[in-house]
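The values are calculated or read from the model by the stated rules, or taken from the named source; none is laboratory data. As the structure is a computational prediction, the values presented were derived from the model and not from experiment. FYI the Cβ positions are ideal-geometry reconstructions off the backbone, even for glycines, and counts take in every protein chain you see. Side chains are part of the model used for accessible areas, which takes the heavy atoms of the whole protein and leaves out ligands, DNA and RNA. Shrake-Rupley method; radii C 1.70, N 1.55, O 1.52, S 1.80 Å.
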Amino acid sequence: MCGRYAATKDPAALIDEFAAVDLTEGRVRTDHNVAPTKEVATVVQRHPRDADGAVLEDEPAVRSLRMMRWGLVPFWAKDPGVGSKMINTRAETAKEKPSFKKAVSSRRCLVPADGWYEWRRDGKEKQPFFMTGPDDASLAFAGIWETWRPKDDKDADPLITFSVITTDSVGRLTDIHHRMPLLMPREKWDTWLDPDLSDVTDLLVPPSAELVDTIELRPVSSLVNNVRNNGPELLDRVEPAADSALFDLPNS
C-alpha cells in the first residue's frame with residue numbers, strides 16, 4: 001500500500017520537471033510526512049474549456065500542476081468522509097470497481113513525490129523505510145482523481161480528490177512490503193496523462209525490475225510514525241543495530 005510519502009519540491013521545480021503550468025495558486029507546501037486527507041500537488045493534462053465550461057476537444061491538452069486532497073471521493077458519494085478509505089486503488093481491479101473505473105478511463109494524474117514510507121514487520125517490530133529515487137529526481141505515482149459536490153448545493157466549490165494506484169511489489173521492495181505505489185516512468189507520462197486515451201490496461205502493471213533497482217531502501221527514524229512530526233530529519237538514514245535481523249536486506 002501507500003499510506004505516507006514525502007513531497008518537498010517547490011512549484012518551480014515541479015513545473016520544470018513535469019513541463020506543466022502552475023495552477024496551484026501558491027498553495028504548495030513542503031511536506032516531509034504527507035498523510036491521507038492532506039492537500040498536495042498533482043499533475044493532470046486536460047483540454048481547455050470555453051466560457052460555458054464546455055470542453056474544447058479540438059484544442060491541445062494542457063498539462064498543469066493542481067492541488068488535490070488525498071483520498072478519492074466518488075462523484076456519487078453522499079459523504080466526502082468516504083475518501084479516507086480510498087487513498088489507494090489496486091491496479092488489478094481498478095477497471096472493474098464502480099468507485100474507480102470511470103476515473104481510470106478519463107481522469108488520471110501523476111503524484112510527484114520525493115519517495116514513500118513503508119513499514120517492515122518482523123514479529124512485533126515495525127521498522128520504517130523511505131523508498132526514494134536517484135539524483136533528486138521525483139518519483140511519479142500513478143493516480144486517479146474525481147470531482148465531488150454536495151447533492152443539495154450544485155453551486156458549491158468542487159472537492160477535488162485523488163487516489164494512488166498500487167501494485168505488487170517488485171524485486172528488493174518485496175523485502176519491505178508486498179504492495180507498492182505504481183511508479184510511472186518518465187517515458188510513459190504522456191500516455192498515462194493523455195485525456196483522449198481511455199484504455200490504459202498496458203500501464204496497469206508492476207514497474208520493471210530495472211526501475212525498481214534504482215530505488216534506495218533507506219531505514220529511517222520511527223519519528224515518521226506520528227503524522228505531527230514533519231521535518232527533514234524524517235528522511236535521514238538511521239543505521240540499524242548490527243545484530244538486528246530486521247535489517248538483513250540485500251544491497252540498499
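Key figures for this structure:
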item: Surface accessible to a 1.4 Å probe, residue 99 within the full protein complex, Å²; result: 20
item: Calculated FRET value between residue 121 and residue 29, using beta carbons and R₀ = 35 Å, to 0.05; result: 0.70
item: Reachable aspartates and glutamates, given that their alpha-carbon falls under 13 Å from the alpha-carbon of residue 9 and they are not under 8 places away in the same chain; result: 17, 31, 114, 136
item: Share of Cα-Cα pairs in the chain lying beyond 29 Å, as whole percent; result: 29
item: Helical contribution to [θ] at 222 nm, DSSP H n ≥ 4, -39,500 (n - 2.57), averaged over the chain, rounded to 500; result: -2000 deg cm²/dmol
item: Additional length obtainable on full extension of the chain from residue 38 to residue 227, 0.36 nm per residue less Cα span; result: 66.9 nm
item: Those aspartates and glutamates that a straight Cα-Cα span of less than 18 Å connects to residue 154, excepting residues fewer than 8 apart in one chain; result: 52, 79, 146
item: Protection proxy ranking, peptides 32-40, 187-195, average beta carbon neighbours within 10 Å, highest first; result: 32-40, 187-195
item: Given 85/188; 38/101; 38/78, the pairs whose alpha carbons are separated by over 26 Å; result: 85/188
